[in-house]
1. Any chance you could count how many residues in the stretch B:227-236 are assigned to a helix (DSSP H, G or I) and farther than 13 Å from B:Gly189 by Cβ?
2. Under 7 Å by Cβ, and 6 or more places apart or on different chains, what pairs join a residue from the stretch B:45-73 that is under 24 Å from B:Asp31 (Cα atoms) with one that is polar (S, T, N, Q)?
3. Tell me the residue from B:Val21, B:Val4 that is of a type in the set (Val, Ile, Thr), open to solvent by less than 70 Å² (accessible area, probe 1.4 Å) and either outside the structural domain of B:Lys57 (by the TED database) or at pLDDT 95 or above (or both), please.
4. Return the residue satisfying two criteria in turn: it lies in the stretch B:165-177 and is in contact (Cβ under 8 Å) with a residue 24 or more places away in the chain and within 14 Å of chain A (Cβ to nearest Cβ), and of such residues it is surrounded by the most Cβ atoms within 10 Å (Cβ to Cβ).
5. Tell me, which helices (runs of 4 or more DSSP H) lie completely within the stretch A:16-126 with 3 or more residues that are over 13 Å from the mean Cα position of the chain (by Cα) and over 30 Å from A:Cys147 (Cβ atoms)?
6. Just to verify a result, which residue in the stretch B:25-44, among those that are without any contact (Cβ under 8 Å) to a residue 60 or more places away in the chain and charged (D, E, K, R), is most open to solvent (accessible area, probe 1.4 Å)?
7. Going through the stretch A:43-81 one residue at a time, which ones are in contact (Cβ under 8 Å) with a residue 40 or more places away in the chain and under 27 Å from A:Ala116 (Cα atoms)?
8. Output the residue which, of all residues in the stretch B:178-226 that are more than 9 Å from chain A (Cβ to nearest Cβ), basic (Lys, Arg) and part of a helix (DSSP H, G or I), is nearest to B:Arg147 (Cα to Cα).
Amino acid sequence: MTTVAPNIPAPRSPRRLRGRTNTELYSWLFMRASGMLLLILVFTHLFVNLMTGDGINALDFAFVAGKWADPLWQVWDLMMLWLAMIHGTNGLRTVINDYAERDQLRMWLKVGLYTATTITVVLGTLVIFTFDPCPPDAAADLLPSFCQAP
Amino acid sequence: MTAVAEAPAASSVVPSFQVTVRLRRFNPESDTEPRWEDHTVTMHGTDRVLDALHKIKWEIDGSLTFRRSCAHGICGSDAMRINGRNRLACKTLLKDLPLDKPITVEPIKGMTVLKDLVVDMDPFFEAYKSIMPFLITSGNEPTRERRQSPEERARYDDTTKCIMCAACTSSCPIYWTDGQYFGPQAIVGAHRFIFDSRDEGAEQRLEILNDRDGVWRCRTTFNCTDACPRGIEVTKAIQEVKRALLFRRV
């Protein structure tokens, strides 16, 4: 006669494994990395715009249009936009988590925050890549001087 | 000769002074809101805030309720908010406080006040329990002690000093607004085992502290380090746990 050993679970099972979620770890790490990158991006941006060449006096529509004709500054501004927006949104997310006590309020504040972020990022990205200093059917007196009259 | 003989006698007289203690009182049977109550007592230069509380309780109002056990800074029972800062009443000398103004004494923040200066410490100890504050090993028990070098012991020496008074946890602004956060003390308790070379439960403890309400909620405000009556560098310990999580290296 053979007996089958009953399968009895271990008396003490470890804390239930939920699958490793590192969301908070990555968001914390992102804040550090993006913060350092933003320091370089923003201060170089300020230096180029305000200090080099004619400095602040050179700042006008044509100056911005000229910068956005260069892929380097397109990518530069795009990175500033995305990093600053996500960095700020993540910061506000933690502030909401820390200080909004009611679940409903917390949810709606975050919905508002993410909506505003999405709109700003999408519109900003669109502007950087579709910017045309001389739209073809605009009134001539509104265009900068370097646009050739049609 | 007489002058010399008298001098030590004169200096050994401990100066006494009047102290006004402004207590935050709450009696759950009669009060709906906590209220302030002033008591002026004559104290001596060697007295601590705890002595003033004793004098009030024993000579003026026996209904004053507070916790204290050893009264010498080891048991961790009498953490309270003295002049707006978390301290142990038994380690705070009256002469070190500004005596021209009343000394405010309140219960520690972020926990439910049960009566006067006594708060409900259950959530605090629950957080501590959840990081498993005991040695976790595998295999057979050794027949001798588990050996450790002085260097390995020094790795977590700072966090062994914790007396669980809750001064750090109840000074943390994140803990005040969100009771789900483990709080600095639980992380200190975890640090003491995570960095212990004899312990094998580091991975599990790190996993627990990697939670949404774990170490990542720390905003590095250093309130806990300032509050600790044992001088533990609490914020540093929390950062070390973060680093261990980040690099998966203890």
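1. 3
2. B:Arg67/B:Ser77; B:Arg68/B:Ser77
3. B:Val21
4. B:Tyr175
5. Those helices (runs of 4 or more DSSP H) span A:23-50, A:71-99.
6. Among residues in the stretch B:25-44 that are without any contact (Cβ under 8 Å) to a residue 60 or more places away in the chain and charged (D, E, K, R), the one most open to solvent (accessible area, probe 1.4 Å) is B:Glu29.
7. Selection gives A:Phe61, A:Ala65, A:Trp68, A:Gln74, A:Asp77, A:Leu78, A:Met79, A:Met80, A:Leu81.
8. Residue satisfying both the conditions and the ranking: B:Arg192.
The values are calculated or read from the model by the stated rules, or taken from the named source; none is laboratory data. Note that the structure is predicted; figures quoted are calculated from it, not measured. Every residue, glycine among them, receives a Cβ derived from its backbone with ideal geometry; neighbour counts consider all protein chains shown. Only protein heavy atoms, including side chains, enter the accessible area calculation; ligands, DNA and RNA are left aside. Shrake-Rupley method; radii C 1.70, N 1.55, O 1.52, S 1.80 Å.
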